[in-house]
Amino acid sequence: MASYLQIENISKSYGPKILFENIGFNINEGDKIALIAPNGTGKTTLMRILAGKDKSDSGGRITFLKQIRIAFLEQEYDYDPESTIFNQIMSSSKEFTSRLDDDGLFEYERRVQRILTDFGMNSAQKMSELSGGEVKRVALTQMLATEADFLIMDEPTNHLDIDAIEYLEASLKRSRCTLFMVTHDRYFLDRVCNTVMEMDHGAIYVYRGDYANYLEKRQERIDNYNAETDKVRNVLRRELEWIHATPCARSGKAKYRINAFHDLKDRAEQVYTSKQISIAPDLGVASRLGTKIINCKDVSFSYDGRCYLDHFTYNFQRYEKVGIVGRNGVGKSTFINLLMGADTGTGILSGVIDRGESLKIGYYNQKGITFDEDQTVLETVNDTRLLNQFLFPHDMLNNKIARLSGGEKRRLYLLTILMQQPNLLILDEPTNDLDIVTLNILEEYLLGYQGSLIIVSHDRHFLDRLVDHLFVFCGEGVVKDFIGGYSEYRSFIKDYEAQQRKDAREAEAREKAAAAKSAPVTEAPAKKRKLSWKEQRELETLEADMASLGAEKEELEAKMSAGGMDYAEVQKVTDRYAEVKDLLDEKELRWLELSVD
């Protein structure tokens, strides 16, 4: 198996803060690796060093296998606002296309157009007209169309809607490429990657398997390390007794033992502590919430000739947790702005939006807020207890905001929202730029949150854990209410689409049969064709298979109705259910063909 990338002894620090020091690792052909680390520990910096846009402080070596094609996806995509999507991709990929002959260039352009179509993008649209999620689709199209051997991606799902994430997920699962990426999306990680790489306390640890396996093995590593520390402390205690009891022995041959004592002392102090966010109890207490939250009656909104909400009626309830999903640009953030009473500009609004008198909204905007970059962390949030709980230790309190990573700024912003103790918390894409550790603890906090919650998110795991029901924005102002989490919704949609395909096939078969019967007869109608021996055996096999698949389908339906399964079991059952339905449809159609003949 070829080694695609070898990294040896690279380091990076900013002032006194060391991100990583003399780290090294190897990536082999076929590896699909997710890099996990808390915000501010250097994930993006490492990616930029690999892309040649930053340098290691200590020199070191970064060696890519010769003649492999490499493609990088950074978090931010540079583009010309006046360029069309297609022209932007072609101008940004000149380094790649310059090596292609005419046939190769034609094939690349064809792939670009196909992927843009799959992403629901119009290649003639101007870049200035795109949302953040649409810009990310353009960047991904440029990368995927290269069909590179080795993909290096920094948060590829940020700003994407769920449809785009699932398309990207399927593409990467099918691809034989080697992959190294930073992601906070746990479902995406599990479905795409075969390895988790952790950057922890400046060191690299590799775990083969999925995210659950990583959590288990990581805890084993920490437990083993701390157990070894306990052993060292026991030895240190005996050595300390020797030091105190035999002062005369501190010379000659005993010097080595004194030196070893100091080494033991250093090691004994190295207790592994895993940084965690512990949300203060008072943050979970919302302001008093009345019976009226927000009541919407026959609300419509259009802007620039486009309908974003069409006769929407709903009364939000106390303590309910609702998720909002839909494609980029379909109006999710617009809906939030309407609920909050934001200025609609030249948009046309009708209907009634009635807000409760005791309503206190905490709004986490996906665009964030503008901090004073010259202020320190402590000047921004003057509460050391809460800052420590949100992974801002004492040595970071005097850091200026300008020195924080994007994820650290997001975490600080989240803290400023929660400190207000709102009774309606609106989170617009809260998972972007937050690391997995922060997301896990945030989920635990929100599960116990004593108020109403509205979440706009593309993070399927986040939605599955938190929401009671979904508002699905379908476009043209249509909003559908679905009871359940996102995985339940996707399972429902797959079943519905499979049934639609089955109905269409059966209708087509009936139409063909009816047309054959009503066709003018010029001679005596032919007798029904007798099946060949092979076709007769196939018909019998089909009937047996249909009975078996029908029984399995009923069994799977019973399991899904019973509940009590964990996520992995639910996913396995729903995937198999979709397979069984498709197989049953195919066999029923073939049985119908043989029977009609």
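The values are calculated or read from the model by the stated rules, or taken from the named source; none is laboratory data. Treat the numbers as computed from the prediction; the structure is a model and nothing was measured. In this analysis, Cβ positions are derived from the backbone assuming ideal geometry, glycine residues included, and neighbour counts consider all displayed protein chains. Heads up: the accessible areas ignore ligands, DNA and RNA and are worked out on the full protein's heavy atoms, side chains in. Shrake-Rupley method; radii C 1.70, N 1.55, O 1.52, S 1.80 Å.
Which loop-located GluC sites (Glu not before Pro) does the range 403-486 contain, where loop means any DSSP state but H, G, I, E or B and the Cβ has at most 13 other Cβ atoms within 10 Å? Present the calculation step by step, with values, prior to reporting the outcome.
Values: sites: 408, 443, 444, 476; in loops: 476.
Sites meeting the loop and neighbour criteria: 476.
Which of the pairs 173/217; 53/173; 494/587; 321/494; 12/53; 494/559 have their Cα atoms more than 21 Å apart in this structure?
On the way: 173/217 24 Å; 53/173 28 Å; 494/587 19 Å; 321/494 24 Å; 12/53 13 Å; 494/559 17 Å.
Result: 173/217; 53/173; 321/494 exceed 21 Å.
Can you tell me the 0 to 90 degree angle between the C-alpha axis of helix 102-118 and the longest principal axis of the chain, rounded to 10?
80 degrees
What do you get for the angle between helix 132-145 and the principal long axis of the chain? Use alpha-carbon atoms, 0 to 90 degrees, nearest ten.
In the chain, helix 132-145 runs at an angle near 80 degrees to the longest axis.
I'd like the projected area of the chain, averaged over all directions, using the convex hull of its alpha carbons. Report it in nm² with one decimal. Display every interim value, and only then the final one.
Working: hull surface 164.6 nm².
Its average projected convex-hull area is 41.1 nm².
Determine the per residue accessible area of the chain with all protein chains present and a 1.4 angstrom probe, expressed in square angstrom.
52 Å²
Along its three principal axes, how long is the range 1-135 when you only count alpha carbons? Whole Å, largest extent first please.
Result, largest extent first: 47, 35, 23 Å.
With the full set of protein chains in place, find how many percent of the accessible area of the range 430-522 is carbon and sulfur; take the probe as 1.4 Å.
On the way: 2300 of 4320 Å².
Here it works out to 53 percent.
Anything over 25 Å Cα to Cα? Flag those among 502/572; 502/553; 43/367; 17/66; 136/332; 94/409, in the order listed.
Beyond 25 Å: 17/66; 94/409.
Where in the range 337-381 are there trypsin sites (Lys or Arg not before Pro) that are in a DSSP coil and have at most 16 other Cβ atoms within 10 angstrom of their Cβ? Don't jump to the answer; show the numbers that get you there.
Working: sites: 355, 360, 367; in loops: 360, 367.
For trypsin sites (Lys or Arg not before Pro) across the range 337-381 that sit outside H, G, I, E and B with at most 16 neighbouring Cβ atoms in 10 Å, the list reads 360, 367.
Any idea what angle helix 567-596 forms with the longest principal axis of the chain, computed on alpha-carbon atoms, 0 to 90 degrees, nearest 10?
20 degrees
I'd like the carbon and sulfur percentage of the solvent accessible area for the range 81-171, probe radius 1.4 Å, heavy atoms only, ligands and nucleic acids excluded.
The C+S portion of the solvent-accessible surface of the range 81-171 is 47 percent.
Below 13 Å, Cα to Cα, which aspartates and glutamates can residue 400 reach? Residues fewer than 8 away in the same chain don't count.
Cα-Cα hits under 13 Å: 372, 373, 374, 379, 408.
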